[in-house]
1. Please give, to one decimal in nm, the separation of the simple spin-label points placed at Ser170 and Ser76, each 7 Å out from Cα toward the Cβ.
2. For the chain, what's the relative contact order in percent, using C-alpha pairs closer than 8 Å and at least 6 residues apart?
3. Helix by helix, which DSSP H runs in the chain go 15 Å or more along their axis at the Cα atoms and have an average Kyte-Doolittle hydropathy of 0.0 or more?
4. Based on the Cβ-Cβ distance of Asp67 and Tyr16, what FRET efficiency does E = 1/(1 + (r/R0)^6) give at R0 = 25 Å, to the nearest 0.05?
5. Calculated FRET efficiency, Asn133 and Glu157, Cβ-Cβ r, R0 30 Å, to nearest 0.05?
6. Take the Cβ-Cβ distance between Lys205 and Glu84 as r, set R0 to 45 Å, and report the resulting FRET efficiency rounded to the nearest 0.05.
7. How far apart, in nm, are the 7 Å Cα→Cβ label points at Lys2 and Asn221?
8. Over the Cα atoms of the chain, how large are the radius of gyration and the largest Cα-Cα distance (Dmax), in Å?
Amino acid sequence: MKYVFAINFKSYETAYNNVALEIAKTANQLSSKYSNVRIILSVPSVMISKIINIYDDIYLQHIDPLDYGAYTGFLSVDSLKYLEVKGSLINHSEHKIIYRDIEKIVKKMKELNKESLVCADTPGEAAGIAYLNPSMIAVEPPELIGSGIPVSKAKPEVITESLKAVKSVSNIPVLAGAGITIPDDAIKAIELGSSGVLIASAVMKSKNPNKVIIDFVEKMNSV
């Protein structure tokens, strides 16, 4: 199985300007070169049409548990049928939703043959989400997100306990997130049993994001 290197663009300025396009170009080049790592870019919905022309393994950052209808300002899960994305993040710390809404989205995305990467704060939440059988689960202690303090080193038990909890329910890949800053943080997470990492600020706030991506992918590919 390929290790997953997922980059959440969030709403940093770099998610909308030429930096985003350069990241997509780098991801495309690396995906062709390295076979052991899958790079997923989770992009703002307004950037889909620009990035899809460069790199096609992209996710939305959020989707709403709504059918078609009079819902101003929402992104209906039904709309995924018409969007050129592989899937979506769900329940990220900046955009939490309730369990029954996660369930509805995951079910609908399966029907549309789309992937779901559901985020969890704790091993207990990860276990509950595992019963919904999403494509992947990312465990991210919220207090470490954006801190530069990697979960794989500061709270390795969160990863190992989440893996144990999820595997007791289903064989779903579990990613590690929160504070992952350098390639060694990702390697440590993989050594603990994770299937990869979900990162954001380490790339999007970097002065040289393309170098950061290259360093991560090269290191992860060598595991």
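1. Rounded to a tenth, the inter-label distance reads 2.6 nm.
2. Averaging sequence separation for qualifying contacts and normalising by length gives 20 percent for the chain.
3. 156-167
4. About 0.30, to the nearest 0.05.
5. 0.75
6. 0.95
7. The two pseudo-label positions are separated by 1.2 nm.
8. 16.2, 49
Bear in mind these aren't lab numbers, they're just calculated from the coordinates by the rules spelled out. Quick caveat, the model's predicted, so the values are computed rather than measured. Counting neighbours? That spans all protein chains shown, and the Cβs are built from the backbone with ideal geometry, glycine included.
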